[in-house]
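Take a look at the structure set out below.
The values are calculated or read from the model by the stated rules, or taken from the named source; none is laboratory data. In this text the structure is predicted, and so the values were computed from the model without any measurement. Here Cβ is always computed from backbone atoms with ideal geometry, including for glycine, and neighbour counts include all displayed protein chains.
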């Protein structure tokens, strides 16, 4: 791994760490949310950007983590760290099962299969409405978000602490992504994206690599969902809807698919754009729609993808 | 209510549901079949058709029947025009790349939703049927207009089938569907065929919306449901097979009513969506389609 | 070096400016530090900022439009009468897209970016649920106008209030005695298959049982449903009353198909107007509702003898005697909900003035002042009627109305007492830490 790659990604983390000392209260809160959701986008990018598989159903994994954590804490009496672990395990299991089935399809069929599975998951949340409270959802109470870790009492209601927890998650996710991308797995995934048949002919077990990408991606999403539920104290079926499958696609495309930092940049930019736009227009849907269309037409590689093409060829 | 009337109601409702499904899916099936791209904004074209039906009914004097007839002309023309612009400015420029098309039409979906909200407002809008006739059965009543929708959808499906199977235009479309390169080699203007198919698909879904909206209502977020249902029908039926879509619509329409007599309706929807996913995985050509080349 | 030079004159400029502006008091204030300057200004003219979480887009947009119109009318009126403690109200609206995720972000924005004094105005329950934890953590008082049972259930926190509109549990239980006495005791319930519907199911079933009646069939309808006839086949033949509460745009189809199914010969219908808010009862297909009964929080149709307060309120909001916009009779309001915005704003005013609220540091006092409210008299500030506020569960209780549709308008047939909608509190927010 080259020094400048490490330097760049390290610098991003350090910059984010320093941000909390200079930024306004609102910026700290917003950045917390962005970092949690960026983990979702980072995972999405492994599948979409590197392996070239466009999923329209990642909300089901996000929701898996969301509900595993929320129900774990409110119904099963878990402490917060257990709930995180439980959500991650659920994420791995669900994404493995769905991956084994969905990966038998490819191209447009894969997109629709994931869309349909996700819709079924959304309906399942509604079906068990007596437990999930359906669209109204579950609020996690303050005392359920306090836990002790290595002898320290941790309260997730503290915004500064929460910011740093989200930052740790983001840093781990970026590091994991970098490791995957620069490893053999990453290279094989890109080879599959570019030419699946040739990769298979070279003797690689294409199915296994695709499954690895799928499970990694789904688990990131589930972890992000768990963090969302526990840090912001709410889980509801809206967060399992199609809208939340489209979000990570949009973020990844904007920032640049198949670049490690692209999804992070995309999440942040989209967030700020919508927030900025809502200040003078209520037509935020229009805004998102136009951005999507313009991206497809003029910047199919996204911001960092275009930069890599033009300037920084070394960008991972 | 006894078993027989219950069954009769389930069959009647199932037939109407099948007609609604087949109507909404027809345009998507055509576009998907010939162009091999998924138009996510399909549901929004449906919504626009319904909104226009409401707008026309409100503006045209002479009662619901007059409004209905005018809407049957205005809605497909307007929605077709929008589709034409979309095809020229968007799909053609991204060279009908399947993934880019999905992303671009998701964007289009948001744009159309927002414009509909701004122009037509957020409340649900009722549209009068061109005629009201309640068929009074001994056990329950049934809307005569719903049966008219069934007849209209049969007529429309036959019309489209005739164009595809018996006319030169249909032949050209089928050749294009079969293989784009071969079609080009035979001197078929593929771009113009694509354009025509995309516009025709949009116009068909707009007609479907005008027919269906009197038994539902117009609302700016109504597009998602016909989109998902159309996907289900087109996939189970087999991509590009109109006949398959019709059979799928009938199966789903009738079985949905019966499944939800035994299970909860949400469970019925879960089963239907999972069935689509599994059909796609294990029989990608659909139940009635032929494998793609 | 040069940097330092730039800073120094700038600082003096500020204090000089403030001194000029505020005169002697300002000069003294400037000496005492920047905090004091803000305090001095706040006392005189700085507006009270109310963050308005509004459903401009998404599924709640039809309600959001009217919530905004009502809110603006009330704020204009309050400001013309001198505002709150002499300070004008400034509404800071933000669209939450009727989405709980965005709703939570909007509350954060109110608290930290816009520096609002309080947040207000949310209708849809899932947005309230998503947003309330953020309000509690950021310690910004959050006044919802939602009619959900979430606040009163004790699930939320000390900073969340519902002082302008009664909750669904109260509405439902107050209907049971009248239904059992006048319509029948065997009730079939048709309700949406999610949280809002479950509240109806659970609380009404218990309430009708207490009246010696029973629910003989429960027909939950999934929120994604678009066609309903087959559900009607499940209604037992011996049903004496059909109780229906539906929400969302498919309601029109629901009512139309109910009419087609039964024709003119059907058991009495009792519905919740939630189904038909923002929809004219004269819409095509709704003719068969003629003669049926509705719960209304606040009757849409003014009737022959409206109260003075009602006439006043309609005039200010811009709604005619049929509950439609004065500029467009087809534009029907959400009359049974939007009054909650109006009344909540007056509660905020009342509590802020009682607490001597000056800055966000006084939020604790404001919370206690709202909790201390007990009876609320009818009047221009509370046109829907008098109310009783329960400070323990942060929920208001009021009169409910039963109207019957005659010639396409709902005429009042019964108005409940407040007591008919009361229940034992399930929790006590006022014991929680501030």
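What tally of residues in the stretch C:136-159 results from selecting those that are more than 25 Å from residue C:49 (Cα to Cα) and in contact (Cβ under 8 Å) with a residue 40 or more places away in the chain?
Number of matching residues: 5.
Okay, residues lined up against (1) within 14 Å of chain A (Cβ to nearest Cβ); (2) touching a helix residue (DSSP H, G or I) at 6+ places or on another chain (Cβ under 9 Å); (3) part of a helix (DSSP H, G or I); (4) modelled with pLDDT under 90:
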{"residue": "B:43", "(1), (2), (3), (4)": "yes, yes, yes, no"}
{"residue": "B:46", "(1), (2), (3), (4)": "no, yes, yes, no"}
{"residue": "B:49", "(1), (2), (3), (4)": "no, yes, yes, no"}
{"residue": "B:54", "(1), (2), (3), (4)": "no, yes, yes, no"}
{"residue": "B:71", "(1), (2), (3), (4)": "no, yes, yes, no"}
{"residue": "B:74", "(1), (2), (3), (4)": "no, yes, yes, no"}
{"residue": "B:86", "(1), (2), (3), (4)": "yes, yes, yes, no"}
{"residue": "B:103", "(1), (2), (3), (4)": "yes, yes, yes, yes"}
{"residue": "B:112", "(1), (2), (3), (4)": "yes, yes, yes, no"}
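The residue of the stretch A:121-141 that is farthest from residue C:124 (Cα to Cα), among those that are assigned to a helix (DSSP H, G or I) and touching a residue at least 24 places away in the same chain (Cβ under 8 Å), is A:121.
Condition first: in contact (Cβ under 8 Å) with a residue 24 or more places away in the chain and assigned to a loop (DSSP other than H, G, I, E, B). Can you find one or more residues in the stretch C:168-182 that meet it? No. Of the residues B:253, B:159, the single one that is free of Cβ contacts under 8 Å to residues at least 24 places away in the same chain, within 17 Å of the chain's Cα centre (by Cα) and within 29 Å of residue B:130 (Cα to Cα) is B:159.
Listed conditions (1) within 13 Å of another protein chain (Cβ to nearest Cβ); (2) surrounded by 22 or more Cβ atoms within 10 Å (Cβ to Cβ); (3) under 15 Å from the mean Cα position of the chain (by Cα) are all met by residue A:243, apart from (2). Only one of the listed residues (C:329, C:306) is within 19 Å of residue C:70 (Cβ to Cβ), more than 16 Å from the chain's Cα centre (by Cα) and surrounded by fewer than 16 Cβ atoms within 10 Å (Cβ to Cβ). That residue is C:329. Checking C:271, C:303, C:248, C:291 one by one, the residue that is within 14 Å of chain A (Cβ to nearest Cβ) and more than 19 Å from residue B:140 (Cβ to Cβ) is C:248 and no other. Just one residue in the set A:71, A:115 is in contact with a strand residue (DSSP E or B) (Cβ under 9 Å, 6 or more places away or on another chain) and in a helix (DSSP H, G or I); that residue is A:71.
Might you check whether a residue that is closer than 17 Å to residue A:136 by Cα, buried (at least 21 other Cβ atoms within 10 Å of the Cβ) and assigned by TED's automatic domain parsing to the domain that holds residue C:280 occurs anywhere in the stretch C:225-244? No, the stretch C:225-244 contains no residue that is closer than 17 Å to residue A:136 by Cα, buried (at least 21 other Cβ atoms within 10 Å of the Cβ) and assigned by TED's automatic domain parsing to the domain that holds residue C:280. When the stretch C:378-392 is filtered for residues that are in a loop (DSSP other than H, G, I, E, B) and within 20 Å of residue C:337 (Cβ to Cβ), the ones remaining, listed by number, are C:378, C:380, C:381, C:383, C:384, C:385, C:386.
Evaluating residue B:98 against the criteria (1) crowded, with 22+ Cβ neighbours inside 10 Å; (2) under 26 Å from residue A:242 (Cβ atoms) leaves one unmet condition, (1). Screening the stretch C:269-364 for strands (runs of 3 or more DSSP E) wholly inside it with 2 or more residues that are in contact with a helix residue (DSSP H, G or I) (Cβ under 8 Å, 6 or more places away or on another chain) returns the ranges C:269-272, C:293-296.
Restricting attention to the stretch B:25-40, the residues being facing chain A (nearest Cβ under 10 Å) and modelled with pLDDT of 85 or more number 1. Residues in the stretch B:8-20 that are within 11 Å of another protein chain (Cβ to nearest Cβ) and either touching a helix residue (DSSP H, G or I) at 6+ places or on another chain (Cβ under 9 Å) or within 21 Å of residue B:211 (Cβ to Cβ) (or both): B:9, B:10, B:11, B:12, B:13, B:14, B:16, B:17, B:20. The residue list A:216, A:292, A:297, A:254 contains one member that is part of a helix (DSSP H, G or I) and more than 14 Å from chain B (Cβ to nearest Cβ), which is A:216.
Can you find even one residue in the stretch A:220-229 that is over 15 Å from residue A:36 (Cβ atoms) and either modelled with pLDDT of 90 or more or assigned to a helix (DSSP H, G or I) (or both)? No, every residue in the stretch A:220-229 fails to be over 15 Å from residue A:36 (Cβ atoms) and either modelled with pLDDT of 90 or more or assigned to a helix (DSSP H, G or I) (or both).
For the stretch A:2-19, the criterion of being within 14 Å of chain C (Cβ to nearest Cβ) and under 25 Å from residue C:106 (Cα atoms) is satisfied by no residue at all.
In the condition set (1) away from every other protein chain (no Cβ under 14 Å); (2) not in a helix (DSSP H, G or I), residue A:64 is compliant with all but (2).
In the stretch A:22-61, of all residues being assigned to a helix (DSSP H, G or I) and without any contact (Cβ under 8 Å) to a residue 12 or more places away in the chain, the one that is nearest to residue A:188 (Cα to Cα) corresponds to A:27.
The C-beta contact set for the stretch A:268-286 (first residue closer than 18 Å to residue C:58 by Cβ and more than 10 Å from chain B (Cβ to nearest Cβ), second residue crowded, with 18+ Cβ neighbours inside 10 Å and at pLDDT below 80, distance under 6 angstrom, 6+ apart or interchain) comprises A:274/A:284; A:277/A:284; A:278/A:284. Please tell me if residue B:2 is in contact with a helix residue (DSSP H, G or I) (Cβ under 6 Å, 6 or more places away or on another chain), surrounded by fewer than 24 Cβ atoms within 10 Å (Cβ to Cβ) and within 11 Å of chain C (Cβ to nearest Cβ). No, not satisfied. The residue that is farthest from residue C:57 (Cα to Cα), counting only those in the stretch A:266-284 that are crowded, with 22+ Cβ neighbours inside 10 Å and modelled with pLDDT of 80 or more, is A:266. Of all the residues in the stretch C:202-224, those that are surrounded by 20 or more Cβ atoms within 10 Å (Cβ to Cβ) and either out of contact with any helix residue (DSSP H, G or I) (no Cβ under 8 Å at 6 or more places or on another chain) or in the same structural domain as residue C:126 (by TED's automatic domain parsing) (or both) number 0. When C:152, C:132, C:111 are checked against the criterion of being crowded, with 24+ Cβ neighbours inside 10 Å, within 17 Å of the chain's Cα centre (by Cα) and under 27 Å from residue C:356 (Cβ atoms), a single residue qualifies: C:132.
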